[in-house]
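Data first, discussion second: the structure below is written as structure tokens.
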Amino acid sequence: MEAAIAQRVQYPSWVDCRKLERKPLNSLRYAQRAKEEKRFRGLALAHLLPDKRNERARSVSSEVSCSDKNSSALLQAGSVHSFDEDLILKASNNEYPFRKAEEVKPYLHGRSMYLVGMMGSGKTTVGKLMSKVLGYSFFDCDTLIEQAMNGTSVAEIFEHHGESFFRGKETDALKKLSSMYQVVVSTGGGAVIRPINWKYMHKGISIWLDVPLEALAHRIAAVGTDSRPLLHDESGDAYTVAFKRLSTIWDERGEAYTNANARVSLENIAVKRGYKDVSDLTPAEIAIEAFEQVQSYLEKEETMEIPDGDL
Ligand SMILES: Nc1ncnc2c1ncn2[C@@H]1O[C@H](COP(=O)(O)OP(=O)(O)OP(=O)(O)O)[C@@H](O)[C@H]1O
Ligand SMILES: O=C(O)C1=C[C@@H](O)[C@@H](O)[C@H](O)C1
């Protein structure tokens with residue numbers, strides 16, 4: 001694990017946060033932001049109209065991440081949409097997601113971002129996009145654990161060593177990640193259940209991707225449950241099984257996700273954008289909302305900070 005991480009952080013991940021320029025979030029920024037938002041919202045909407053989205057959301061079979069392995073098999077069967085990151089990025093090049101990232105970045109001071117959320121909520125898909133537009137490195141916590149276990153898959157780790165062993169590895173990975181700057185981390189769906197993990201994730205900014213269970217069950221039913229051991233133990237039709245298991249898991253840990261610093265509600269974005277269904281939302285739109293919620297969090301955080309003079 002250490003070798004794997006050390007190897008990956010030779011490039012810009014190691015940045016001393018204290019050396020990054022501190023920018024105040026002052027009223028000038030708000031005025032400027034309002035102007036920019038107006039200008040680019042027009043651009044973004046023009047660019048993200050549903051018919052255009054379909055052109056950019058196309059099946060791919062070669063992306064790698066642990067959940068994408070499943071997608072690949074399924075995409076080859078042609079039964080589900082996935083997202084070609086390069087296509088999304090090209091389409092939005094220099095436009096809203098990039099602008100939004102540029103706008104937020106100076107106020108992050110290099111802090112990392114931890115995406116939390118239920119299985120299939122899009123942490124990997126959206127996280128990769130956010131890392132690219134921010135110029136941050138991306139890490140998938142499940143993949144790091146698999147690498148640390150010499151390529152043993154999460155499903156095999158659960159089967160041969162049990163969940164609590166896996167949770168220990170997850171905490172080890174988060175601990176190591178927490179000493180890095182300028183990384184976006186897709187955490188495992190269950191990372192939120194251990195308080196110690198929050199201690200590490202709070203070194204950066206945590207973002208909860210809040211996706212309705214019905215939408216999650218559709219996505220998971222589409223890609224199968226082979227790599228998701230906690231969903232893989234019942235019989236019945238794929239959607240119903242996924243929905244039932246997700247509901248039980250949600251009852252056990254839904255509350256824990258609210259520890260995140262920022263919440264990205266897909267239902268709220270769909271309402272804002274006038275879409276009927278959360279499945280109409282693209283990863284780019286979700287990433288934009290994530291940056292907006294991070295911005296709101298930073299503004300709140302700043303108002304809570306005690307000025308140096310009062311110490
Ligand atoms: N906005 C979206 N709309 C529809 N499908 C999506 C969206 N974002 C991701 N997906 C699809 O949902 C599935 C799960 O996405 P992803 O792997 O990014 O989730 P995750 O939160 O990292 O999952 P896990 O925690 O189980 O690894 C993938 O097949 C992905 O293509
Ligand atoms: O929700 C969970 O508990 C899990 C989610 C996956 O990302 C993996 O971390 C593992 O399958 C457990």
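Given a 1.4 Å probe and every protein chain left where it sits, what share in percent of the accessible area of the stretch 149-205 is carbon and sulfur? Intermediate results must be reported in sequence, preceding the final value.
Values: 1150 of 2360 Å².
In the stretch 149-205, the share of accessible area belonging to carbon and sulfur is 49 percent.
Per residue, the accessible area of the stretch 93-132 comes to 26 Å², computed with a 1.4 Å probe over protein heavy atoms only.
Taking 14 Å as the cut-off, the amide N atoms of the stretch 133-168 that come nearer than this to a point 7 Å along the Cα-to-beta-carbon line of Ile193 belong to 158-159, 162-168.
The values are calculated or read from the model by the stated rules, or taken from the named source; none is laboratory data. All figures in this text were calculated on a predicted structure; none of them were measured in a lab. Note that each Cβ is placed from the backbone with ideal geometry, even for glycine, and that neighbours are counted across all protein chains shown. Please note that ligands, DNA and RNA were not included when accessible areas were found on the heavy atoms of the full protein model with its side chains. Shrake-Rupley method; radii C 1.70, N 1.55, O 1.52, S 1.80 Å.
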